[in-house]
Amino acid sequence: MDAKHHKAEPGPEDKLHNQCTPWKKNACCSARVSQELHKDTSSLYNFTWDHCGKMEPACQRHFIQDNCLYECSPNLGPWIQEVNQKWRKERFLNVPLCKEDCQSWWEDCRTSYTCKSNWHRGWDWTSGSNKCPTGTICRTFEAYFPTPAALCEGLWSHSYKLSNYSRGSGRCIQMWFDPAQGNPNEEVARFYALALTAEAWPQGIRPLLLCLALMLSLWLHD
């Protein structure tokens, strides 16, 4: 992805920090970036989680993992879109996030506090880092995000889409995974990439390509 801190190409990064280590075999982020992602206020974007008081650690770990996925994952290609922004030329849109990952994110953050339902824009940056804009009120996450879908889809302007699929299905992106068992998002990206290819082919060939995608998925599960 052509963005502010991404490497030009993914590759091994043996020294990725803490929660970003699942991507160390093939990462789009550097070790320095992975370290910054774990700070309360990162120098990467001068963004702080603690704009409404200290965020609870159980909640913060999900935001760190979200950032690790964004900066480090090489498996988001099917959802990359061009954007006209000063700090990046591409973003991902409607990544199908596994329903358990979204649910646990919401459950662990519902009692932390924020003042906005969209964190992409609208902050007061006059101090150099993000502050709540005038007129907003700090309330619980649950007040601004009444459902898991409201959080996962609304937080970053639809970077994610709540999937109906479960972890391990091969149809949704996992924010959390055990690298010892391999990266499950590789299979997911292949499936959706082939599906996108099928959409571009003549109508009569599309079912064949979709069947091939399904067969590839079943073969990888065996």
ask   = Taking the alpha-carbon centroid of each part, what is the distance from region 91-137 to region 143-181 in angstrom?
value = 14 Å
Pairwise label distance in nanometres, residue 129 with residue 164, each label 7 Å out on the Cα-Cβ vector = 4.2 nm
request  = Enter the accessible area of residue 14 (Å², nearest 10), with the probe set to 1.4 Å and all protein chains included.
outcome  = 130 Å²
query = With all protein chains present and a 1.4 Å probe, how do 111, 126 order by accessible area, largest first?
reply = 126, 111
inquiry  = Give the aspartates and glutamates whose C-alpha is closer than 19 Å to that of residue 25, dropping any in the same chain fewer than 8 places away, or say none.
reply    = 9, 13, 14, 66, 71, 178, 186, 187
key: Contour excess over end-to-end distance, with Cα ends at residue 150 and residue 15 and 0.36 nm allotted per residue   = 45.2 nm
note = Subtracting the Cα-Cα distance of residue 111 and residue 181 from 0.36 nm times their residue separation yields 21.9 nm
query = Can you give the accessible area of residue 160, probe radius 1.4 Å, in Å² rounded to 10?
reply = 0 Å²
ask   = What is the gain in length, in nm to one decimal, between residue 8 and residue 84 on full extension, counting 0.36 nm per residue of separation less the C-alpha to C-alpha distance?
value = 25.5 nm
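The values are calculated or read from the model by the stated rules, or taken from the named source; none is laboratory data. The shown structure was predicted, so the numbers you read here are calculated from the model rather than taken from an experiment. Don't worry about glycine lacking a Cβ; one is built from the backbone with ideal geometry, like all the others, and counts go over all protein chains shown. Ligands, DNA and RNA are excluded from the accessible area calculation, which covers all protein heavy atoms including side chains. Shrake-Rupley method; radii C 1.70, N 1.55, O 1.52, S 1.80 Å.
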